[in-house]
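Structure record follows, encoded as structure tokens.
The values are calculated or read from the model by the stated rules, or taken from the named source; none is laboratory data. Small disclaimer: the values here were computed from a predicted structure and weren't measured. Cβ atoms come from the backbone with ideal geometry, glycine included; neighbour counts cover every protein chain shown. Remember, those area values only see protein heavy atoms, side chains included, never the ligands or the DNA or RNA. Shrake-Rupley method; radii C 1.70, N 1.55, O 1.52, S 1.80 Å.
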Amino acid sequence: NRRKKKDDSILEIPSIPNPFPELCCSPFASVLSASLLPKATSRKKQVIKVYSEDDTSRALEVPSDITARDVCQLLILKNHYIDDHSWTLFEQLTHTGLGRAIEDHELVMEVQSNWVIGEENKLYFRKNYAKYEFFKNPLSFFPDHMISFPSETDGAVSHSGILQMFLSSSTYPEIHGYLHAKEQGKKSWKKLYFLLRRSGLYFSTKGTSKEPRHLQFFCEFSNSDMYMSLMSKKISGAPTNYGFCFKPNKSGGTRDLKQLCADDEQSRTCWMTAIRLLKYGMQLYQNYMQPYQGRSGCSPLSITPMRSISENSLVAMDFSGHRSRIIENPTEALSVAVEEGLAWRKRGCLRLNSHGSPIAMSNMGMSIHRSQSWFHHKISREEAQRLILQHGLVDGVFLVRDSQSNPKTFVLSLSHGLKIKHFQIVPLEDDGKLFYTLDDGHTRFTDLIQLVEFYQLNKGVLPCKLKHYCARIAL
């Protein structure tokens with residue numbers, strides 16, 4: 001009896017559940033293991049084609065839920081580029097002459113799903129230095145005469161406070177000014193007074209009146225995308241070249257476009273930046289901050305960015321002794337740089353002279369710049385302005401090109417103050433030697449590389465230093 005009671009007590013002990021049922025060879029094992037598989041394996045893959053500035057292209061097989069930032073990271077990884085957080089995916093609608101920078105968080109397949117069948121629209125991979133510049137330098141993007149604040153705001157608002165108001169859901173600054181609007185179904189343009197508010201874009205039917213009875217609704221942004229008009233004068237007959245428009249996501253064609261045109265680049269930049277902030281809000285700020293937070297929220301395609309080279313990370317070093325040292329004296333650093341440059345050129349002369357070709361050295365000095373990424377051979381003034389505009393009107397964006405008016409000279413095209421300025425580089429001969437100058441011979445350089453390197457470190461006669469060059473990359 002005692003043994004029977006003991007056996008009964010053993011049988012009454014509840015069984016311990018198996019914590020790893022997926023390891024058991026039961027009929028349910030396949031079901032359980034399938035439910036534990038990551039969802040990424042069920043994602044469909046599609047092929048997209050991405051172009052670069054030199055019209056080379058690359059086909060990529062990507063998941064259907066890939067974002068624009070992930071495509072950029074993938075191309076950076078495959079091409080071994082330095083990630084300086086300015087690489088951008090652009091959408092270009094060839095038929096209508098429209099283009100825009102796709103936001104980092106947007107899904108690429110959703111963008112392509114809005115394309116009209118039969119039109120040769122393209123995705124471009126290039127740099128856009130102005131993508132988040134308004135977070136760093138809002139003063140250039142929101143001029144005082146175009147912005148006003150709610151009546152409850154006390155005193156003046158700082159420019160960083162303007163951004164906080166755009167990102168806030170309770171208050172908002174108001175953007176106002178004149179714009180040319182294309183009348184629906186007509187070829188004519190009409191100049192109207194516009195106001196941008198959180199609920200959308202309005203225009204006044206009576207001068208500059210802001211009374212509700214005089215305001216008429218023009219467009220809202222949740223179901224449409226904003227594009228820059230690349231050829232607004234030629235295609236739409238716009239009064240200026242500073243056009244932009246709104247295109248519904250499911251558009252039936254050009255008749256559904258709401259086209260606008262500003263009087264200058266500063267005005268267009270202000271309108272487009274404010275609309276981006278109102279449409280995306282905090283998402284833009286997260287896109288801007290994400291590269292500096294270790295990319296913890298990115299997809300597996302993202303990689304840790306390589307260290308980018310900027311003028312803040314460059315120091316003068318002396319490697320002539322047994323141990324290297326940092327040169328802190330600017331005068332000494334300049335003299336060492338000049339000595340190194342002369343030694344480098346002397347070694348180049350010796351290499352060429354060993355082949356008995358002194359003429360080859362002069363030819364090399366005249367053509368050595370052609371291998372540089374910032375040099376663009378025989379492009380027009382309009383093409384240079386288009387390239388700089390696509391790379392972003394940030395102070396210091398530049399390129400060097402052949403002069404169209406004088407074949408013997410070159411032109412430095414530079415962005416400053418939301419304008420593109422052109423400076424002629426003139427060849428100067430002195431004592432049988434050829435030099436290049438920007439300031440009538442006061443500062444002379446033996447070749448264009450030396451000239452560009454000097455103005456990357458010194459402003460000189462230019463309005464700002466050369467910071468970012470426009471390059472035609474190859475994919």
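Things worth noting here:
- Test result for GLY161, open to solvent by less than 20 Å² (accessible area, probe 1.4 Å), of a type in the set (Gly, Ala, Ser), farther than 25 Å from LYS44 by Cβ and touching a residue at least 24 places away in the same chain (Cβ under 8 Å): no
- Close pairs (6 angstrom Cβ cut-off, 6 or more residues apart or separate chains): without any contact (Cβ under 8 Å) to a residue 12 or more places away in the chain in segment 201-229, open to solvent by 80 Å² or more (accessible area, probe 1.4 Å) anywhere: THR205/GLN216; HIS214/THR205; HIS214/LYS206
- Some residue of segment 59-67 being of a type in the set (Ser, Thr, Tyr), buried (at least 19 other Cβ atoms within 10 Å of the Cβ) and within 30 Å of CYS261 (Cβ to Cβ): no
- Test: residue in segment 244-255 that is modelled with pLDDT under 90 and in contact with a Cys (Cβ under 7 Å, 6 or more places away or on another chain): no
- Close contacts from segment 265-283, counting a first residue that is in the same structural domain as ASN241 (by the TED database) and in a helix (DSSP H, G or I) and a second that is crowded, with 21+ Cβ neighbours inside 10 Å and not aromatic (Phe, Trp, Tyr), with Cβ to Cβ under 6 Å and a gap of 6+ residues or different chains, come to ARG268/ALA262; ALA274/ILE175; ALA274/LEU196.
- Helices (runs of 4 or more DSSP H) enclosed by segment 80-178 - at least 3 residues per element that are aliphatic (A, V, I, L, M): 108-113, 159-167
- Comparison of LEU257, LEU192, LEU277 shows that the only residue that is of a type in the set (A, V, I, L, M, F, W, C), surrounded by 12 or more Cβ atoms within 10 Å (Cβ to Cβ) and under 21 Å from TRP115 (Cβ atoms) is LEU257.
- Residue check, ASP447 closer than 29 Å to SER52 by Cα, touching a Ser or Thr at 6+ places or on another chain (Cβ under 7 Å) and of a type in the set (Asp, Glu): no
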